[in-house]
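Some notes on the structure that comes next.
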Amino acid sequence: MTIFHQILKKYWGFDDFRGIQLDIIKSIYANKDTLGLMPTGGGKSIAFQVPCMAMEGICIVITPLISLMKDQVSHLKKKGIKADAIYSGMSHEKILITLENCILGDYKFLYISPERLGSPLFQTKLSHMNVNFITVDEAHCISQWGYDFRPSYLEITNIRHILPGKPILAITATATPKVISDIQDKLLFPAPNVKRMSFERKNLKYLVTNTEDKNQAILNILKRTSGPAIIYTRNRKKTREIADWLKDNGISALHYHAGLDNTDRDIRQNMWYDETTRVIVATNAFGMGIDKPNVRLVIHADLPDSIEAYFQEAGRAGRDGKEAEAILLYNASDNAKLRKRVNEKFPPTDYIRQSYEDICSYYQLAVGDGYNVTHEFNVIDFCTKFRYFPVPLISSLLILSKAGYVTYWDKEETKSRLMFLLRKDELHRLGNLPPNTSSVIQAILRSYGGVFSEYVYIEEKDLSRQTELPPDTIYEILKALSQQHILHYIPRKDTPYITFNTRRVETKDIHLVPEIYEIRKKEYEERIEAILEYAQNQQICRSRILLSYFGETDIHDCNQCDVCQRKGNQKSTYQQIEKAAEAIQNFIAEKSQPLNSIYQLPFDIHIIREALEWLVNEGEITVKDGMISLN
């Protein structure tokens, strides 16, 4: 038994590795830069956690999702493994303590968001850590050719200079051949080194349903199936409408999108996880880090804008290896809707330049001012004052970010915080508080210092554990206490920020190079055409299309998608017609028979009719005066 198998058994309870896990582990253990291509549910966390446990030092894990960081750290701690994370919303003091612990405290894992990599504090402390290797999760985000390019990922190359000689393990579940090459280039791999696992999901049935009434189709699908389900739609308003429609028709459902506050999102996600509700109707905000193995069904009510996005979202079904379905609902009107997104994602260059000028005016920045200044960005307020629509405006900001003029953080999470408005003696004199409210107040006083003099960051989940009250009850109690002016409670929220990376330039001087605009726009148009071809396809196995898109060559028909099923039915029908034709010929072999008499043969009427037509067309039989005879 290797040391890797011993660690796997000790901490995870498994006897052996799956897929390419061991290949990746051996490669990174040998100090080689490695790119691992693993489908959703392929067990990527074990691929970097096991080798780290076999090596001295700490692994730096770069991932864009805070909820995933928290879950991973929690799971590791339960196994007795020291791990921590740094993410937005943490106080400077907490960040400093975490970094010092990673230097001195024999920690094995530090999770960090890519946006934090550029922090001088982090970079200084990182240089003093005993790092064994760096893991880059969702590595496709570093590629400008990827469907989810994030400029903050480019900071990773700076970390390589701070930690020379330390290998990188990059992991992704969605990468075309072009993106695979670009990831290795951007991460400065000295030589290509790709460990590839087939993206084929034999337990997942891909189906496309052409329907004009998508709500009714969703209801019909849910009624014929069982188990937890996800329904994806592009529109926040539609998440509520579909969820309400399902509830009105007896299906338990909740809606979910980025516009909900974090506490509300946590509550809804937890209700779906523990199966208090069966269906979550969501935008793509319900995305990375979803780790519920028994999802039986993923329905797309709207077409995503790429094969990559569809494959990743559909792949959240059936992660337990049992049969599951991924169903895409489609009709002709989807074509125009999807192609409209090109201009929303890539507004005209004049529009982009004007948005830059108006944002500078919004913050009253003169030409030559603003270098390295960060502002909270109230999207609704700006759009109201300057008459913009949010979607193309945000797209403009992202393009300006890629061009280096600004950095736009769409979802910079802040933690919940509170401060008591009453003095301590006044609080103790309060009477007749409900028992649950008293329990929450006592938990706050036990857990957090300084709450009477300043705002302190809190975790509703910690208060929930201490009081044994559900998180939604904690949230409602804190809101009520805030309304009663006993304390001031500020729930967590996602706040956009803009940092000006250069001094304000004249609008006419904004330069958008082809790699930032024209080439990326063309790539986006090609991705949209690819998903439209997938939806419209009636001839090629859907699994074949998906696997071919990601560069796989050893592929075959899945025999379970709607195309394969239709072909199978057609083949079965042809076989029955052939058998019926043979039976008809045998039936009239000795003498002509009345035409109606052949319907006593043991075949469906439509099969006999097809067989008759085929035999007549081939000149094998003659039908005349109600009689049928061989030629």
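The values are calculated or read from the model by the stated rules, or taken from the named source; none is laboratory data. What you see is a predicted model; the values in this text were computed from it and never measured. Neighbour counts run over all protein chains shown; Cβ positions are idealised from the backbone, glycine included. SASA here: full protein model, heavy atoms, side chains in, ligands and nucleic acids out. Shrake-Rupley method; radii C 1.70, N 1.55, O 1.52, S 1.80 Å.
Observations on the model:
- Taken over region 56-80, the criterion of being in contact with a helix residue (DSSP H, G or I) (Cβ under 7 Å, 6 or more places away or on another chain) and either part of a loop (DSSP other than H, G, I, E, B) or aromatic (Phe, Trp, Tyr) (or both) is satisfied by THR63, PRO64, LYS79.
- Within region 13-39, tally of residues that are of a type in the set (Ser, Thr, Tyr) and either surrounded by fewer than 22 Cβ atoms within 10 Å (Cβ to Cβ) or more than 30 Å from ALA285 (Cα to Cα) (or both): 2
- Among the numbered conditions (1) outside any helix (DSSP H, G or I); (2) open to solvent by 40 Å² or more (accessible area, probe 1.4 Å); (3) in contact with a helix residue (DSSP H, G or I) (Cβ under 6 Å, 6 or more places away or on another chain), the only one that ASN215 does not meet is (1).
- Sub-8 Å Cβ pairs linking a first residue in region 503-522 that is under 18 Å from GLU357 (Cα atoms) and open to solvent by 50 Å² or more (accessible area, probe 1.4 Å) to a second residue that is in a loop (DSSP other than H, G, I, E, B) and not small (Gly, Ala, Ser), at least 6 apart or interchain, are ARG503/VAL367; ARG503/ASP369; ARG503/TYR371; GLU506/VAL367, ordered by first then second residue.
- Matching entry among GLU525, GLU529, GLU533 (being in a helix (DSSP H, G or I), at pLDDT 90 or above and open to solvent by 80 Å² or more (accessible area, probe 1.4 Å)): GLU533
- Look at (1) at pLDDT 95 or above; (2) farther than 23 Å from TYR153 by Cβ and you find that LYS340 fails only one, number (1).
Okay, residues lined up against (1) open to solvent by 10 Å² or more (accessible area, probe 1.4 Å); (2) within 22 Å of the chain's Cα centre (by Cα); (3) touching a residue at least 60 places away in the same chain (Cβ under 8 Å):
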| residue | (1), (2), (3) |
| --- | --- |
| ILE112 | no, yes, no |
| SER119 | yes, no, no |
| THR135 | no, yes, yes |
| ALA139 | no, yes, yes |
| GLY146 | no, yes, yes |
| THR157 | yes, no, no |
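- Yes/no for THR239 being modelled with pLDDT of 95 or more, within 20 Å of the chain's Cα centre (by Cα) and part of a helix (DSSP H, G or I): yes
- Within region 312-333, the only residue that satisfies the criterion of being assigned to a helix (DSSP H, G or I), touching a residue at least 40 places away in the same chain (Cβ under 8 Å) and either open to solvent by less than 10 Å² (accessible area, probe 1.4 Å) or of a type in the set (Gly, Ala, Ser) (or both) is ALA314.
- Restricting attention to region 296-311, the residues that are farther than 23 Å from LYS521 by Cα and either without any contact (Cβ under 8 Å) to a residue 24 or more places away in the chain or open to solvent by less than 20 Å² (accessible area, probe 1.4 Å) (or both) total 5.
- Of all residues making up region 569-589, the number that are closer than 17 Å to GLU620 by Cβ and in a helix (DSSP H, G or I): 12
- Filter pass, HIS485 being on the phi < 0 side of the Ramachandran plot and not hydrophobic (A, V, I, L, M, F, W, C): no
- Test result for LEU260, buried (at least 16 other Cβ atoms within 10 Å of the Cβ), hydrophobic (A, V, I, L, M, F, W, C) and closer than 19 Å to ASN294 by Cα: no
- Residue within region 368-375 that is open to solvent by 70 Å² or more (accessible area, probe 1.4 Å) and in contact with a helix residue (DSSP H, G or I) (Cβ under 7 Å, 6 or more places away or on another chain) present: no
- Of the listed requirements (1) open to solvent by less than 50 Å² (accessible area, probe 1.4 Å); (2) over 20 Å from the mean Cα position of the chain (by Cα), MET1 misses just one: (1).
- Here ASP557 clears all of (1) of a type in the set (Asp, Glu); (2) under 30 Å from ASN631 (Cα atoms); (3) touching a helix residue (DSSP H, G or I) at 6+ places or on another chain (Cβ under 8 Å) except the condition numbered (2).
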